[in-house]
Amino acid sequence: MSDVKISAEIRREFGKGASRRVRRTNRVPAVIYGHGGDPVHVTLPGYDLMMALKNSNVLITLDIEGREELVIPKAVQREVLRPNLVHVDLLVVKKGERVSVEIPIHTEGDLAPGQFLVEHVHNTLSVEAEATHLPESVTVSVQGLSAGDQILAKDVKLPKGTTLTIDGEETIIQILSAQAEEPSANGGEETTEA
């Protein structure tokens, strides 16, 4: 798990226009919430935040004008056409506290000989872990699997101290048989009759 330190400034202007002005200075508006406290509105350096968010479930130590706060990203809004950050919601965490997060599922290995496809029923796995030891991802082997095989949530090997927060019987990955399209009778060209 990555641990990053970023300086934050308290945000005193609100609204769409204020947020646009913040983004023009290469900063990102954010809200910090959790532990029953009032939400804290801050701005964060855009580049530093973008680099931190490249790691899944990154633990960020925010220096908020001299006061440090441990947070994890909870919701990230990006522009549709460009990868620019628009807004981030951050959740306050404490060392020793357990939190629920989604971690990416990666596959490794070769399927059995034949024409098979790997279908990710879920791209992420919902787990609970200690806030300062969140796994970045899990890797699942599909070695030798063929059509009809599936991997259930309970079959995924989780890092020590990490538990599932979904039903263990839920299908995460299944293997399908590839189906080729049948060529049409007229050589692949479709015709319509009036």
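The values are calculated or read from the model by the stated rules, or taken from the named source; none is laboratory data. Note that the structure is predicted; figures quoted are calculated from it, not measured. Cβ coordinates were reconstructed from backbone atoms using ideal geometry, including for glycine residues, and neighbour counts include every protein chain displayed. These area figures cover heavy atoms from the full protein model, side chains too; ligands, DNA and RNA do not enter into them. Shrake-Rupley method; radii C 1.70, N 1.55, O 1.52, S 1.80 Å.
Once label points are set 7 Å from the Cα along Cα→Cβ at both THR61 and VAL4, what is their separation, rounded to one decimal in nm?
Label at THR61, label at VAL4, 1.5 nm between them.
For GLN143, what charge total do you get from the other residues with a beta carbon under 9 Å from its beta carbon, if Lys and Arg give +1 and Asp and Glu give -1? Walk me through the numbers before you get to the answer.
Values: positive: none; negative: GLU108, ASP110.
Summing Lys and Arg as +1 and Asp and Glu as -1 gives -2.
Restricting to DSSP loop positions (anything but H, G, I, E, B) with no more than 12 other Cβ atoms inside 10 Å of their own Cβ, which chymotrypsin sites (Phe, Trp or Tyr not before Pro) remain in segment 13-83? Can you show the working numbers first?
On the way: sites: PHE14, TYR33, TYR47; in loops: PHE14.
Loop-located and lightly packed - PHE14.
For n ≥ 4 DSSP H runs only, could you compute -39500 (n - 2.57) per run for the chain, divide by its residues and tell me the 222 nm figure to the nearest 500?
Working: 2 runs with 16 residues, N = 194.
The per-residue figure over the chain is -2000 deg cm²/dmol.
Considering only ILE6, VAL99, SER146, whose Cα is most displaced toward the positive end of the charge dipole of the chain, charges sitting on Cβ of Lys, Arg (+1) and Asp, Glu (-1)?
ILE6
For the chain, give the share of DSSP beta bridges that are antiparallel, in percent and rounded to the nearest 5; count only bridges with both residues there. Mind showing how you got there, number by number?
Numbers: 38 of 52 bridges.
Antiparallel: roughly 75 percent of the beta bridges in the chain.
Check the straight Cα-Cα distances from LYS54 and name the aspartates and glutamates below 19 Å, setting aside those fewer than 8 residues away within the same chain.
Reachable aspartates and glutamates: ASP3, GLU79, ASP89, GLU102, GLU136.
Sort out for me the Cα centre separation of segment 110-175 from segment 1-37, rounded to whole Å.
34
Which value, to two decimals, describes the C-alpha radius of gyration of the chain once divided by 2.2 N^0.38 Å?
Details: Rg = 22.6 Å, N = 194, 2.2 N^0.38 = 16.3 Å.
Dividing the Cα Rg of the chain by 2.2 N^0.38 Å gives 1.39.
Please give the per residue volume of the convex hull enclosing the alpha carbon atoms of segment 49-99, rounded to a whole number of Å³. Display every interim value, and only then the final one.
Numbers: hull volume 4.4 nm³, N = 51.
Given the Cα convex hull of segment 49-99, per-residue volume reads 86 Å³.
Summing Lys, Arg as +1 and Asp, Glu as -1, what charge do residues with Cβ under 13 Å from the Cβ of ASP63 carry, ASP63 excluded? Working shown, then result.
Details: positive: LYS5, ARG67; negative: GLU9, ASP48, GLU65, GLU68, GLU69.
My count for the surroundings of ASP63 gives -3.
Probe radius 1.4 Å, ligands and nucleic acids ignored: give me the carbon and sulfur share of the accessible area of segment 1-139 as a rounded percent. Each step should come with its number before you reach the end.
Details: 3810 of 7840 Å².
Taking all protein chains in place, segment 1-139 shows 49 percent carbon and sulfur surface.
Could you do me a favour and compute the accessible area per residue for the chain, 1.4 Å probe, result in Å²?
On the way: 11920 Å² over 194 residues.
Each residue of the chain exposes 61 Å² on average to a 1.4 Å probe.
Provide the net charge surrounding THR165, with neighbours chosen by a C-beta distance below 12 Å and charges set as Lys +1, Arg +1, Asp -1, Glu -1. Mind dumping the intermediate values first?
Values: positive: ARG98; negative: GLU102, GLU128, ASP167, GLU170.
My count for the surroundings of THR165 gives -3.
Taking the Cα centre of segment 37-174 as the origin and placing charges on Cβ (Lys, Arg +1; Asp, Glu -1), which of THR124, ILE60, ALA112 is farthest toward the positive end of the dipole?
Positive-most Cα among the choices belongs to ILE60.
Where the only charges are on Cβ atoms (+1 Lys, Arg; -1 Asp, Glu), what is the dipole of the chain about its Cα centre, to the nearest 20 debye?
On the way: 20 positive and 29 negative charges, 314 e Å.
My answer is approximately 1520 debye.
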